[in-house]
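Asks: Got a structure for you, questions after.
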Amino acid sequence: MTTKLSAVKGMNDVLPPKSAAWEGFEDAVRALMRAYGYRNVRTPIVEPTALFVRGIGEVTDIVEKEMYSFTDALNGEPLTLRPENTAAVVRAAIEHNLLYDGGKRLWYTGPMFRHERPQRGRYRQFHQVGAEALGYAGPDVDAELILMARRLWTMLGLRDVRLELNCLGQPDERARHRDKLIAYFEQHADALDDDSRRRLHSNPLRILDSKNPALQPLLEGAPRLLDELGDASRAHFDGVQQLLRAAGQDFRVNPRLVRGLDYYNLTVFEWVTDRLGAQGTVCAGGRYDGLIEQIGGKPAPACGWALGVERVLELLEQDGALPVAAGPDVYLVLAHEPAAARALELAEELRAAGCSVLQHVGGGSMKSQMKKADASGARHALIFGADEWTAGEVTLKALREGQGSEAQQRRIALQPVGALLRELGFDA
Ligand code: ATP
Ligand code: MG
């Protein structure tokens, strides 16, 4: 006997009817990106490992322990399944010289891979939608990106996501803060946990991001990066806040918001919820002015975000607000075999006019076909029976409530097809 095969742990199949929610979500995302003039990019799922090590930073959860890395068996090349897509978008922009004539607004969606402990809202293959504005320096584009996410929540009917903001300043400001932070944590070395002690000299800022409850009082008292900001950083941060206020967007400045990835500077933000347990961040992003140069491009500023599709859909599901699939317009019942070829032809004519038709296949009695028609969620059944066939007609039967009584059905001539289409609510 062969052993039963199943999906890899932490990696999920998306099947009907739930896949309709994914499609509805993707439709909203495409409309959103069009509304803001962001253009789609598709990069490979596998990239050279060095891209993420250089782009994300060596002392990060992702690079330290979450990457699916392997060696290409044929040529020995170190490769990694992408854990996120900003580094790859930047790689592609540099490789194809996308910024030669100015800034570019780009977006992507697709699967990402991280070797984490699977739990609600945290998977090993998960999906992100991301928006990246490359080549723009001002707070205006930061605000645009944030408001874009807000518009998506509105389009989807997503409630209860709050905006948190912080400013990470520039490298020199961070270096000053880093010295103070190390001094502070060294003073309190006994209170640190192992992870934090390990990061103390490599990446002390990330200690602020720790979720260990025992560390929280210590973190509350830590020196704040906001106190180290110079005039330019402060002006940028004020600019973002002013634009958000003018747009009626509430936010909370959270001085401990540092983000998991190393490449951010100036504005960082997260859209968060209390309704997903520890997986409370739905969308995260910020400015990463140093990344393009770090990956080998001509220095250029950039800002972007990524959202977790599974987390957004989980929230919508909690609210009973998942996008649902509409049933077909017509279920075509074939109860008289000689009509088969004409039925197929009619189905094609209807589809050409934009009408969706689910055609019964496999024969069976009228009764069993009508049962399937009902179960399909179709608005109408279109019935080819022996009587109708002789008369050159079909029977149109309304299947859903609100379309008149159960008995509402009528015979309609097969020719011209326009009459039938009008009856179904389509322009002939
Ligand atoms: P977290 O703190 O939850 O681990 P992160 O800082 O690692 O998040 P980012 O790298 O900023 O996450 O990714 C952006 C978004 O992608 C997150 O806010 C989240 O919505 C989603 N995301 C990240 N990792 C996962 C995962 N393993 N499973 C599902 N969604 C994820
Ligand atoms: Mg993470």
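The values are calculated or read from the model by the stated rules, or taken from the named source; none is laboratory data. Quick caveat, the model's predicted, so the values are computed rather than measured. Every residue, glycine as well, gets a Cβ built from its backbone with ideal geometry; the counts of neighbours run over all protein chains shown. SASA here: full protein model, heavy atoms, side chains in, ligands and nucleic acids out. Shrake-Rupley method; radii C 1.70, N 1.55, O 1.52, S 1.80 Å.
Asks: Which condition from (1) surrounded by 12 or more Cβ atoms within 10 Å (Cβ to Cβ); (2) more than 15 Å from ligand 1 (Cβ to nearest atom); (3) of a type in the set (Asp, Glu) is the one that residue 66 breaks?
Replies: All conditions pass for residue 66, except number (2).
Asks: Please enumerate the residues belonging to the stretch 62-93 that are in a loop (DSSP other than H, G, I, E, B) and of a type in the set (S, T, N, Q).
Replies: 75, 85
Asks: To continue, here is another question. Identify the residue in the stretch 97-118 that is closer than 13 Å to residue 308 by Cβ and within 13 Å of ligand 2 (Cβ to nearest atom) and, among all such residues, is farthest from the chain's Cα centre (by Cα).
Replies: Applying the filter and picking the extreme gives 116.
Asks: Also, quick follow-up: May I ask you to say which residue of 302, 278, 247 is within 14 Å of ligand 2 (Cβ to nearest atom) and touching a residue at least 24 places away in the same chain (Cβ under 8 Å)?
Replies: Exactly one residue qualifies, and that residue is 278.
Asks: In the stretch 296-340, how many residues are open to solvent by less than 30 Å² (accessible area, probe 1.4 Å), among the aliphatic types (A, V, I, L, M) and in contact with a helix residue (DSSP H, G or I) (Cβ under 8 Å, 6 or more places away or on another chain)?
Replies: Within the stretch 296-340, residues that are open to solvent by less than 30 Å² (accessible area, probe 1.4 Å), among the aliphatic types (A, V, I, L, M) and in contact with a helix residue (DSSP H, G or I) (Cβ under 8 Å, 6 or more places away or on another chain) number 13.
Asks: Where in the stretch 290-382 are there strands (runs of 3 or more DSSP E), lying wholly inside it, with at least 3 residues that are away from ligand 1 (no atom under 16 Å from the Cβ)?
Replies: Of the strands (runs of 3 or more DSSP E) lying wholly inside the stretch 290-382, those with at least 3 residues that are away from ligand 1 (no atom under 16 Å from the Cβ) span 330-334, 357-359.
Asks: Could you tell me which residue of the stretch 44-67 is nearest to residue 195 (Cα to Cα), considering only residues that are within 14 Å of ligand 2 (Cβ to nearest atom) and modelled with pLDDT of 95 or more?
Replies: Out of the qualifying residues, it is 66.
Asks: What single numbered condition from (1) touching a Phe, Trp or Tyr at 6+ places or on another chain (Cβ under 6 Å); (2) open to solvent by less than 10 Å² (accessible area, probe 1.4 Å) fails to hold for residue 25?
Replies: All conditions are met except number (1).
Asks: Further question: What are the pairs, 6+ residues apart or on separate chains, where a residue within the stretch 41-68 that is closer than 21 Å to residue 92 by Cα has its Cβ under 6 Å from a residue that is assigned to a helix (DSSP H, G or I) and away from ligand 1 (no atom under 15 Å from the Cβ)?
Replies: 43/92; 51/91; 63/53
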